[in-house]
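For reference, the structure is listed below as structure tokens.
The values are calculated or read from the model by the stated rules, or taken from the named source; none is laboratory data. Quick caveat: nothing in here was measured; it's all calculated off a predicted structure. Quick reminder, even Gly has a Cβ in these numbers, built from the backbone with ideal geometry, and neighbours come from all protein chains shown. Only protein heavy atoms, including side chains, enter the accessible area calculation; ligands, DNA and RNA are left aside. Shrake-Rupley method; radii C 1.70, N 1.55, O 1.52, S 1.80 Å.
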Amino acid sequence: EFRRVLFRSGYWPRNSLVWAGPRETPPQLALVAARLHDMLVAEGFPAEKRPFAAHVTLIRKAHAPKELPAPPAPAWPVAGCVLARSELSAQGPRYEILQRYAFA
């Protein structure tokens, strides 16, 4: 378990979204992402070329903001993560949790 604070925010024009994230990806989360990546590639999924970027999506379908919002300030304990499937529809995104992982 570790405590996480979102220190920065940004805009990804490719995805049209505003996000908040840590300065650096926590080592535990980077390890989970790397293992998941390797398992998916081994199963024949195409390799993701972009580096993993820990983040929280704040706004989807956003226009490039003139000014980015300040990230939320509170820190919270992070004891694990989930693998989720997202489906975008006209009503907005729908998330289905496929697996939960606890950090040991």
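A few remarks follow.
- Full-extension gain in nm, Ala64 to Gln91, via 0.36 nm per residue minus C-alpha separation: 7.5 nm
- Cβ-placed point charges (K, R +1; D, E -1), dipole of the chain about Cα centre in debye, nearest 20: 300
- Accessible area in the full protein assembly, largest first, 1.4 Å probe, for Ser89, Ser9: Ser89, Ser9
- The gain in end-to-end length when the Val56 to Ala102 segment is fully stretched comes to 14.7 nm, 0.36 nm per residue minus the alpha carbon separation.
- Heavy-atom surface analysis with a 1.4 Å probe gives the chain a carbon and sulfur content of 58 percent of its accessible area.
- Counting only Cβ charges, +1 for Lys and Arg and -1 for Asp and Glu, the dipole size of region 1-60 around its Cα centre is about 320 debye.
- Loop-resident sites, region 17-104, for GluC sites (Glu not before Pro), counting at most 12 other Cβ within 10 Å (DSSP): Glu24, Glu43, Glu48, Glu67
- Counting every C-alpha pair in the chain, the share spaced more than 19 angstrom apart comes to 55%.
- Ranking Leu68, Gly21, Ala47 by how far each Cα lies toward the positive end of the dipole of the chain (charges on Cβ) leaves Leu68 at the top.
- When you filter the trypsin sites (Lys or Arg not before Pro) in region 19-99 for DSSP loop state and at most 15 other Cβ atoms inside 10 Å of their Cβ, you are left with Arg23, Lys49, Arg60, Lys61, Lys66.
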